[in-house]
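The values are calculated or read from the model by the stated rules, or taken from the named source; none is laboratory data. Small disclaimer: the values here were computed from a predicted structure and weren't measured. Glycine gets a Cβ as well: all are built from the backbone with ideal geometry, and neighbour counts include every protein chain shown.
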């Protein structure tokens with residue numbers, strides 16, 4: 001009788017341990033798989049063209065920590081002050097122009113027809129500009 005109880009207790013302990021360990025191992029494996037499949041960029045970073053984003057990471061000095069899909073097109077124009085010539089796609093409003101200038105940008109041209117502001121913008125402030133809800137995309141200017 002004691003042997004049957006001991007075997008039953010051992011079986012119950014093994015079952016309880018398996019119920020805890022197996023789901024935890026699956027969750028850990030799924031998280032690692034999802035990390036590679038999911039885009040790890042923020043919403044603001046997703047609005048920024050990969051070439052511009054790569055230039056931002058390079059300017060910050062953490063380009064090796066972030067991988068951005070390489071584009072076959074030429075790189076972006078960056079001046080000696082660390083400003084990139086970019087095309088900001090957004091509805092042109094005075095408050096957006098004000099924010100563009102406040103973040104250190106210099107407007108080259110703007111078009112309400114094409115919802116576009118072309119200008120020189122410091123690479124390190126582009127993510128803050130992209131976080132604006134009215135901004136749809138930031139691309140290298142042609």
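Some points to look at:
- Of all the criteria given as (1) surrounded by 14 or more Cβ atoms within 10 Å (Cβ to Cβ); (2) in contact (Cβ under 8 Å) with a residue 40 or more places away in the chain; (3) within 17 Å of residue 47 (Cα to Cα); (4) out of contact with any helix residue (DSSP H, G or I) (no Cβ under 8 Å at 6 or more places or on another chain), the one not satisfied by residue 120 is (3).
- Flag if residue 95 is modelled with pLDDT of 90 or more, farther than 16 Å from residue 125 by Cα and in the same structural domain as residue 131 (by TED's automatic domain parsing): yes
- Top-ranked residue of the range 121-142 - restricted to ones that are part of a loop (DSSP other than H, G, I, E, B) and within 15 Å of residue 107 (Cα to Cα), ranked as modelled with the lowest pLDDT: 142
- Counting the residues of the range 58-82 that are at pLDDT below 80 and either within 16 Å of the chain's Cα centre (by Cα) or under 19 Å from residue 122 (Cβ atoms) (or both) gives 10.
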